[in-house]
Amino acid sequence: MASLAPPRDLEGRVAIVTGASSGIGRAVAILLARRGAKVIATGRSRARLSQLTDWQAGIVPCVAELSDPTASDKVFAKAARHGAPTILICSAGIPGYIDKPIATQSFGAWRASMAVNLDSPFLMSKAIAPVIAAEKWGRIVYVSSTAGEAGAPSMSAYCASKHGLIGLMRSVACDIGAHNATANAVCPGWVRTEMANNDARQEAEARGMTVDEIWHEREQGYPGKRVLAPEEVAETISFLASNAASGINGEAITVALGGRW
Ligand SMILES: NC(=O)c1ccc[n+]([C@@H]2O[C@H](COP(=O)([O-])OP(=O)(O)OC[C@H]3O[C@@H](n4cnc5c(N)ncnc54)[C@H](OP(=O)(O)O)[C@@H]3O)[C@@H](O)[C@H]2O)c1
């Protein structure tokens, strides 16, 4: 059966999606473009962004290293060539599997994680807020994690940054709410992406198991006995980015098949 085309309800909107070269961000960029938005897709890899933009109309590639605090200026300057950006999706992230137990976690690793997972969403939010105020409409969605709702061993930087994103979101929701605008977060459980697969590879090595066995174990942790596809998280994000979600502001929405961390 042919799948139905999504509604073109974002026609005329300009959206910035970070981490759009892969995984959840990539699925969001595709869906927002299919819904009519002009999407400024950021990532570090020009080659991976080109693969995306070559076949999906409406997506503009924007190479940006988000640990650089000036990256938001560059991204917003590029977006401005296509209109006023009023949708911001922060999906780029540094994974938790590079963290160490707290006693051996380095300050450098902590800072590297914070720079991309938390500083960049802060700077991007700061840049979009005046545009949203001027346009009297806006949507911000932060990709947190179930690790933003509960602790996990050997994951201080990842957990803290993902909890921090929810705090940032709740404050931004208050700041932009008067402008017909919303800020929300999604907290996915395991999603089959490059990041999660690298994590599985590392865990498999540490525990003397295969990568498939690790994924099987993860699947068993959810009532539906499966993990998420990036497109399922993208559907929730694109709903939050639409007019239809006008009544939802300041919420952290768990997208985890009924499972928890
Ligand atoms: N997968 C999961 O199970 C899961 C669960 C909960 C939450 N999340 C969150 O979901 C978000 C997306 O993760 P994903 O699973 O889709 O991972 P992914 O497929 O590995 O994608 C990560 C994206 O982040 C970008 N990125 C990483 N470091 C960057 C940097 N320094 N500057 C600019 N861009 C950078 C990558 O760009 P390039 O590689 O092109 O440089 C890539 O586009 C992350 O915030 C992650 O924490 C994932």
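The values are calculated or read from the model by the stated rules, or taken from the named source; none is laboratory data. This is a predicted model, so every value here is computed, not measured. For neighbour counting, all protein chains shown are included, and Cβ atoms are generated from backbone atoms with ideal geometry for every residue, glycine included.
The residues in region 33-50 that are closer than 17 Å to P85 by Cα, small (G, A, S) and touching a residue at least 40 places away in the same chain (Cβ under 8 Å) can be counted, and the count is 1.
For W110, the conditions (1) among the aromatic types (F, W, Y); (2) more than 16 Å from the ligand (Cβ to nearest atom); (3) more than 23 Å from A20 (Cβ to Cβ) are fulfilled apart from (2). The set of residues from region 58-83 being closer than 22 Å to R139 by Cα, part of a loop (DSSP other than H, G, I, E, B) and touching a Lys or Arg at 6+ places or on another chain (Cβ under 9 Å) comprises G58, A64, L66, H82, G83. Given the structure, is A183 assigned by TED's automatic domain parsing to the domain that holds K100 and either among the acidic types (D, E) or over 19 Å from V143 (Cβ atoms) (or both)? Spelling it out, it is not the case that A183 is assigned by TED's automatic domain parsing to the domain that holds K100 and either among the acidic types (D, E) or over 19 Å from V143 (Cβ atoms) (or both). For region 116-151, the tally of residues that are part of a strand (DSSP E or B) and either small (G, A, S) or within 16 Å of the ligand (Cβ to nearest atom) (or both) stands at 5.
Of all residue pairs spaced 6 or more apart or on separate chains, those with beta-carbon atoms under 7 Å, a first member in region 8-32 that is on the phi > 0 side of the Ramachandran plot and in the same structural domain as L123 (by TED's automatic domain parsing) and a second member that is near the ligand (Cβ under 6 Å from one of its atoms) and of a type in the set (S, T, N, Q) are G19/S91; G23/T193. Listed by first and then second residue, the pairs with beta-carbon distance under 8 Å, at least 6 apart or on different chains, first residue in region 184-205 and in contact (Cβ under 8 Å) with a residue 60 or more places away in the chain and among the small types (G, A, S), second assigned to a strand (DSSP E or B) and more than 6 Å from the ligand (Cβ to nearest atom), are A185/V141; A185/Y142; A185/A252; A185/I253; G189/L228; G189/T254; G189/V255.
What number goes with the only condition from (1) within 16 Å of the ligand (Cβ to nearest atom); (2) in contact with a Lys or Arg (Cβ under 6 Å, 6 or more places away or on another chain) that I30 does not pass? Answer for I30: the failing condition is (2).
Inspect region 87-103 for any residue being surrounded by fewer than 20 Cβ atoms within 10 Å (Cβ to Cβ), basic (K, R) and part of a helix (DSSP H, G or I) and give the result as yes or no. No - not one qualifying residue is present in region 87-103. Here T104 does not fit the description of being among the β-branched types (V, I, T) and near the ligand (Cβ under 10 Å from one of its atoms).
Only residues that are assigned to a loop (DSSP other than H, G, I, E, B) and surrounded by 14 or more Cβ atoms within 10 Å (Cβ to Cβ) were counted in region 221-247, giving 7. On the stretch given as region 167-199, residues that are assigned to a helix (DSSP H, G or I) and within 12 Å of the ligand (Cβ to nearest atom) total 6.
Scan region 51-60 and tell me whether some residue there is in contact (Cβ under 8 Å) with a residue 60 or more places away in the chain and either farther than 25 Å from A181 by Cα or within 16 Å of the ligand (Cβ to nearest atom) (or both). No, every residue in region 51-60 fails to be in contact (Cβ under 8 Å) with a residue 60 or more places away in the chain and either farther than 25 Å from A181 by Cα or within 16 Å of the ligand (Cβ to nearest atom) (or both).
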